[in-house]
Amino acid sequence: MSRIGKKPVPIPAGVTASIDGGQLSVKGPKGTLSIPLADQVTYALEEGSISVQPINSTKRARSFWGMQRTLIQNLINGVTSGFSKTLEITGVGYRANAQGKNLKLQLGYSHDVDMAIPEGLEVKTPDQTTVEISGNDKQMVGQFAAEVRRWRKPEPYKGKGIKYRGEFIFRKEGKKK
């Protein structure tokens, strides 16, 4: 039994959900999101909540059960409060600047790194060493943050690079004479 899947997903006031043609659409104050529904799971749209149950007791159906419930919860959280990730840049001369639909990164390469900001995401740079990525789709926010971080992952000796806020970088001791 899935402990996560057993719980129904509450639908807060101001959010509407509809199931049509194999898609679940959720509309709220921050926009509209939808996901395709898995065949191994049945969905029940009740008053004020969505419940998910597996069709049978096969391993595949049970594995989809909890995952689909979490995806539905992420949709509802996205249209009500949204998601955000904060990246911190450490290193001499490393900086970031959001310019319109582009994010310009200076990371010690011989060239600047220009990244196009995807539709539906908002990127802010409150200072030159902080990048705040926010949007209503959890997957898009996490994917874009990972792509930005990929350009210069934190290294273990001086800690230079791009890290998530709150991430612990395991530091190593340098060479000894």
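Return yes or no: is VAL131 touching a Ser or Thr at 6+ places or on another chain (Cβ under 8 Å), under 30 Å from GLN40 (Cβ atoms) and not assigned by TED's automatic domain parsing to the domain that holds VAL26?
So VAL131 does not fit the description; no.
Can ALA38 be described as out of contact with any strand residue (DSSP E or B) (no Cβ under 6 Å at 6 or more places or on another chain), among the small types (Gly, Ala, Ser) and assigned by TED's automatic domain parsing to the domain that holds SER18?
Yes; evaluated as a whole, the condition is true for this residue.
Of all residues in region 99-119, which are without any contact (Cβ under 8 Å) to a residue 40 or more places away in the chain and either surrounded by 14 or more Cβ atoms within 10 Å (Cβ to Cβ) or not in a loop (DSSP other than H, G, I, E, B) (or both)?
If the condition is that a residue be without any contact (Cβ under 8 Å) to a residue 40 or more places away in the chain and either surrounded by 14 or more Cβ atoms within 10 Å (Cβ to Cβ) or not in a loop (DSSP other than H, G, I, E, B) (or both), then GLN99, ASN102, LYS104, GLN106, VAL113, ASP114, MET115, ALA116, ILE117, PRO118 are the ones that fit.
Return yes or no: is ASP137 among the acidic types (Asp, Glu) and touching a Phe, Trp or Tyr at 6+ places or on another chain (Cβ under 8 Å)?
Yes.
In this structure, does GLY28 turn out to be out of contact with any Asp or Glu (no Cβ under 7 Å at 6 or more places or on another chain), within 13 Å of SER2 (Cα to Cα), surrounded by 14 or more Cβ atoms within 10 Å (Cβ to Cβ) and small (Gly, Ala, Ser)?
no
Mind telling me which of the residues ALA38, ALA13, ALA17 ends up being farther than 12 Å from LEU75 by Cα and surrounded by 14 or more Cβ atoms within 10 Å (Cβ to Cβ)?
ALA38
As an exercise: evaluate ILE89 against (1) buried (at least 18 other Cβ atoms within 10 Å of the Cβ); (2) closer than 30 Å to GLY28 by Cα; (3) in contact (Cβ under 8 Å) with a residue 40 or more places away in the chain and give the number of the one condition it does not meet.
Unmet condition: (2).
Please enumerate the residues belonging to region 6-22 that are assigned to a strand (DSSP E or B) and without any contact (Cβ under 8 Å) to a residue 24 or more places away in the chain.
Once the filter is applied, which keeps residues that are assigned to a strand (DSSP E or B) and without any contact (Cβ under 8 Å) to a residue 24 or more places away in the chain, region 6-22 yields THR16, ASP20.
The values are calculated or read from the model by the stated rules, or taken from the named source; none is laboratory data. Quick caveat, the model's predicted, so the values are computed rather than measured. In this analysis, Cβ positions are derived from the backbone assuming ideal geometry, glycine residues included, and neighbour counts consider all displayed protein chains.
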